[in-house]
1. Do we have Gly45 as more than 14 Å from ligand 1 (Cβ to nearest atom) and surrounded by fewer than 23 Cβ atoms within 10 Å (Cβ to Cβ) here?
2. What do you reckon, is Leu191 touching a Leu at 6+ places or on another chain (Cβ under 8 Å), surrounded by 24 or more Cβ atoms within 10 Å (Cβ to Cβ) and not assigned by TED's automatic domain parsing to the domain that holds Arg77?
3. Quick test for you: out of Arg98, Arg77, pick the one residue that is open to solvent by 30 Å² or more (accessible area, probe 1.4 Å), charged (D, E, K, R) and within 14 Å of ligand 2 (Cβ to nearest atom).
4. Looking only at segment 238-254, count every residue that is under 18 Å from Asp192 (Cβ atoms) and touching an Asp or Glu at 6+ places or on another chain (Cβ under 8 Å) and tell me the total.
5. Filter segment 67-104 down to the residues that are in contact with a helix residue (DSSP H, G or I) (Cβ under 7 Å, 6 or more places away or on another chain) and free of Cβ contacts under 8 Å to residues at least 40 places away in the same chain, then identify the one that is farthest from ligand 1 (Cβ to nearest atom).
6. Please go through segment 51-74 and give me each residue that is outside any helix (DSSP H, G or I) and more than 10 Å from ligand 2 (Cβ to nearest atom), ordered by number.
7. Of (1) in contact with a Gly (Cβ under 7 Å, 6 or more places away or on another chain); (2) within 16 Å of ligand 2 (Cβ to nearest atom); (3) over 14 Å from Val224 (Cα atoms), Leu103 satisfies all except one. Which?
Amino acid sequence: MTATGDATPHRAAQADAPVLHVTDVTVRFAGLTALDAVSFTVEPGSVHAVIGPNGAGKSTCFNVLSGVYRAASGSIRFGGTELTGLAPHAVAALGIARTFQNLALPPHATVADSLMLGRHRLTRSGFLAAGLRLPSAAREGRQHRERVREIAAFVGLERDLAHPAGALPYGKQKLVELGRALCMEPKLLLLDEPVAGMTGDERRQTAAVIAGVRDSLGISIVLVEHDMGVVMRLADAVTVLDFGRRIGGGTPARVQSDPAVVRAYLGEEATP
Ligand SMILES: Nc1ncnc2c1ncn2[C@@H]1O[C@H](COP(=O)(O)OP(=O)(O)OP(=O)(O)O)[C@@H](O)[C@H]1O
Ligand SMILES: [Mg+2]
C-alpha cells in the first residue's frame, strides 16, 4: 500500500484485498441471539455498510469479524483463510484492522506515538526478520516514523503529530483512531461509527478520507454508521440488520427504497 498523493486514484492495490465471505454467522449471549445466520460478501476494494437500529447486532458483527466474540456457528472466510476461532491478534495479522465505536486512544500519548502503536505488529515482525538490535533496526524505526507522517498527512493530521491526541477536538481524535488502523497497513478496515459525534465539517472531511482509503489505497472497508447521508454517499453495498437478522441488502438506492428497511430503520431515522 502506498499513499502517493497522486490525484488519480490507482486501483492496482485492490488485487491485494481478498474477498470477505460471511456465511450464516450466529452469535449468542446467554439466551439472546445477537446475530442470527447472517450472510454477506465484501468485494475487494469496496465500502460495505452494515446498518440497522440500535441493538441490531452491528458491533457484534465487528466483534465476531475481529475475533473478539466467538461465532456459535457459521463461517467467515477472508480469501482462503477461515477466521472463526482465531484470536484477535491472529485476525489482525491477516491484515484486518478496526476502530472502535467509542474512542480507544491512550490519553496522554502524542498523535505520532498513537499512530506508531498501529505499527507495532509490523515492527515486531520486521525486527525478527532483520535480527534484534542490529543497526538495521534504527533504519527500520526511521522508516516507520516516515510512514506515520505519510499516513498522518493522508488523514489530515500532519500538523498535529506532536500534540497530545487526547487534547485534540473529538473529530480529530476519531481521525487519529482511523490513522492508527491505517498504520497497520490493513487489507480490510472495520470502521464502527467513524463520524459519530462529529460536526458537519468533520463528517465531510472524514467521509472524504474514507473514500480516499478505498479509491487510492484499495483497502476494503466494512462501515457501521448511523449517518445515512454518509452511508448512502460512501457505500458500494449495504447489509441491513434488525434484531440480529439480515432483513435487506444491495445497493444504497435499492436499500433506501426497500419497504422492510424503511420500516425497520430509515423510518426510525426520519422521526428524531
Ligand atoms: N458482550 C455482550 N454480552 C451480552 N449481550 C451483548 C453483548 N454485546 C452485545 N450484546 C447484545 O447484543 C445485541 C446487539 O448489540 P450490538 O452492540 O451488536 O448492537 P448495535 O447494532 O451495535 O447497536 P448500536 O447501534 O446501539 O451500537 C444487543 O441486544 C446487545 O445488548
Ligand atoms: Mg454498536
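1. Working: more than 14 Å from ligand 1 (Cβ to nearest atom): yes; surrounded by fewer than 23 Cβ atoms within 10 Å (Cβ to Cβ): yes.
In short, yes.
2. On the way: touching a Leu at 6+ places or on another chain (Cβ under 8 Å): yes; surrounded by 24 or more Cβ atoms within 10 Å (Cβ to Cβ): yes; not assigned by TED's automatic domain parsing to the domain that holds Arg77: no.
No, not satisfied.
3. Values: Arg77 fails: within 14 Å of ligand 2 (Cβ to nearest atom).
Sole residue among the options that is open to solvent by 30 Å² or more (accessible area, probe 1.4 Å), charged (D, E, K, R) and within 14 Å of ligand 2 (Cβ to nearest atom): Arg98.
4. Selection size over segment 238-254: 2.
5. Step by step, filter segment 67-104, then rank; the result is Ala93.
6. Going residue by residue through segment 51-74, those that are outside any helix (DSSP H, G or I) are 51-57, 66-74.
Selection gives Ile51, Pro53, Ser66, Gly67, Val68, Tyr69, Arg70, Ala71, Ala72, Ser73, Gly74.
7. (1)
The values are calculated or read from the model by the stated rules, or taken from the named source; none is laboratory data. Keep in mind it's a predicted model, so treat the numbers as computed, not measured. Backbone-built Cβ (ideal geometry, glycine too); neighbour counts: all protein chains shown. For the accessible areas, the whole protein counts, side chains as well, though only heavy atoms, and no ligand, DNA or RNA atoms are used. Shrake-Rupley method; radii C 1.70, N 1.55, O 1.52, S 1.80 Å.
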